[in-house]
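Below: the structure, in structure tokens.
The values are calculated or read from the model by the stated rules, or taken from the named source; none is laboratory data. If you're wondering where the values come from, they're calculated on a predicted model, not measured in any experiment. Virtual Cβ from ideal backbone geometry, glycine too; neighbours counted across all protein chains shown.
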Amino acid sequence: MRLFASLMAVGSEVERADTDESEISSLFTGGKENWIYSLTALAAPNNGTTAYSAPAEDIDTAAYDMYIDNAMALNKTIYTSNQSYYFSIPCSATVKNADGTYSAEKNMMEILFQSSSDELGRYTGTTVGGYEFGEEWFENDGLVNTISAKAPTNAQSKDFDANNIPKGVWNVMPTYHGDHMSLQGGLLKTNTDVERLYTEHLNMINCL
């Protein structure tokens, strides 16, 4: 989504250089910055996730961007438009333990995420590219670290303030109490509150 919006705004210099002008897709020519009014990232691994911190092969799949090094490299190429509103909704379904680690909130988190959540909640290390991730990455939604879902590292961001919603800045909404499936309505743990969340969020955007 973020890459698509960036292409709409500024296109791709590489594609323009390597493709004849008569054949290039308008996807890569830019000039459409005002086509996108707002973007909202939902529990998105903007900066990757520690669940994918091991070395990755160069394969063209969504998993590629889940690796921290790859996600942060991609972030450097993505343009943030000062003509669009940006929002993110991070999620968390973990509880902080006495020793500072985090564990899955069992009554909230889908069972398929619980073991990975516990692992993320105590996992520190260094990526192949040299990025060090510490305890600030512990809190998670079972798949994505909460800190990663807040905003891309290379972009301006701020906590959401209903009285100050600027364009060109990631407005980080309050962390949603739910796991990675909660914003889709859940899987085995049905989330009936999500319709209200989206209605309120879209009403807010429509009033900007």
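Taking (1) at pLDDT 95 or above; (2) in a loop (DSSP other than H, G, I, E, B); (3) of a type outside the set (S, T, Y) in turn, M8 satisfies each apart from (2). Taken over the range 74-126, the residue count meeting the criterion of being under 29 Å from L188 (Cβ atoms) and either of a type in the set (D, E) or part of a strand (DSSP E or B) (or both) is 15. Scanning the range 147-161 for residues that are within 22 Å of T94 (Cβ to Cβ), charged (D, E, K, R) and assigned to a loop (DSSP other than H, G, I, E, B) returns a single hit, K150.
Residue check: A51 meets all listed conditions (1) buried (at least 16 other Cβ atoms within 10 Å of the Cβ); (2) at pLDDT 95 or above; (3) hydrophobic (A, V, I, L, M, F, W, C); (4) not in a loop (DSSP other than H, G, I, E, B) but one, namely (2). What about N164, is it assigned to a strand (DSSP E or B), under 13 Å from Y85 (Cα atoms) and not small (G, A, S)? In short, no.
Sub-6 Å Cβ pairs linking a first residue in the range 107-122 that is in the same structural domain as G185 (by TED's automatic domain parsing) to a second residue that is surrounded by fewer than 20 Cβ atoms within 10 Å (Cβ to Cβ) and modelled with pLDDT of 95 or more, at least 6 apart or interchain, are D118/S103; G121/T101; G121/S103; R122/T101, ordered by first then second residue. The residue that is nearest to G121 (Cα to Cα), among those in the range 139-175 that are surrounded by 19 or more Cβ atoms within 10 Å (Cβ to Cβ) and in contact with a Leu (Cβ under 7 Å, 6 or more places away or on another chain), is N140. Filtering the range 127-146 to residues that are part of a loop (DSSP other than H, G, I, E, B) and more than 18 Å from H177 (Cα to Cα) leaves T127, V128, G129, G130, Y131, G134.
Does Y64 satisfy the criteria of being free of Cβ contacts under 8 Å to residues at least 24 places away in the same chain, among the aromatic types (F, W, Y) and either closer than 30 Å to I111 by Cα or crowded, with 17+ Cβ neighbours inside 10 Å (or both)? In short, yes.
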